[in-house]
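S.K.: Shown below is the structure under consideration.
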Amino acid sequence: MAGKKKSSSSISPAEARKALRKHFKDRGYCRMPDIKRREAEGSASYRKGYEVRLPCDSKAEAGRVVKMIQAVGLNPGKPFAKGSGFAVPIYGFAAVEWFVPSMKAPVMPAAKKAAKKKTAKKAATKKTTKKKTTKKAAKKKTAPKTVKKAAAKKTAKRKTAKKTTKKVAKRTTKKKTAKKAAKKTAKKTAKRTTRKKKR
């Protein structure tokens, strides 16, 4: 079987890149959004974005330009009538950057504020985590001391309890001995009285 012939309309990416850059240099232009206005009005009402426009003399030329744009990996928009000819749009900042490499996307004020808030939040979280870690470390250091103090208190309580029990035991023994002595004396006195009566 014979191989398929390449169509005469197919173009290599290198050739398409060269032709597109020349076309843009001769006739193309960029449309840029007003960042301050977008910030003030919002993206819902202010819809103008980044766009590259490549003017063409005819619909056929516009079709060729669309194929070249696709060959270099960009996504072209639908060609539309512009004056006596047509225009091929390519939307997005990536397209603007492709045709004008020195172009840098401006950062919106809200985005700047959001970025600042994020960095501030990160710094605050870092500080809080540091404080927590230092508190934990301090607790770990103080924990053995508190344990030692608690153990010392327990031992002191035990000693005092032992002392009190010894004192109570001494008192009870004294009471018992006193009772015994009183009984002996009572017996002696009873004997004496019985002797006297017998006489």
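The values are calculated or read from the model by the stated rules, or taken from the named source; none is laboratory data. Just so we're clear, the structure is a prediction, and the values are computed from it rather than from any experiment. Using ideal geometry, Cβ is built from the backbone for each residue, glycine included, and neighbour counts are taken over all protein chains shown. The protein model used for the area step is the full one, side chains on, heavy atoms only, and it has no ligands, DNA or RNA in it. Shrake-Rupley method; radii C 1.70, N 1.55, O 1.52, S 1.80 Å.
S.K.: Roll a 1.4 Å probe over the protein chains and send me the accessible area per residue for the stretch 128-198 in Å².
M.R.: Result: 105 Å² of accessible area for each residue.
S.K.: Can you list residues from other chains, or at least 5 along the same chain, whose modelled amide H is less than 5 Å from the amide H of Cys56?
M.R.: Placed amide hydrogens put Phe86, Ala87, Val88 under 5 Å from Cys56.
S.K.: Let's test the formula: R0 of 30 Å, r as the Cβ-Cβ distance of Phe80 and Asp26. What FRET efficiency results, to the nearest 0.05?
M.R.: 0.90
S.K.: Which percent of the accessible area of the stretch 122-198 is formed by carbon and sulfur heavy atoms (probe 1.4 angstrom)?
M.R.: Ligands and nucleic acids excluded, carbon and sulfur reach 63 percent.
S.K.: Within the set Lys162/Lys183; Lys174/Lys196; Lys48/Lys78, which residue pairs have Cα atoms separated by over 28 Å?
M.R.: Lys162/Lys183; Lys174/Lys196
S.K.: Treat each spin label as a single point 7 Å out from the Cα along the C-beta direction, and report the Thr119 to Ile35 distance in nm.
M.R.: 1.5
S.K.: Grab the beta carbon distance between Val168 and Thr134, set R0 = 45 Å, and tell me the FRET efficiency rounded to 0.05.
M.R.: Using R0 = 45 Å, I get an efficiency of 0.35.
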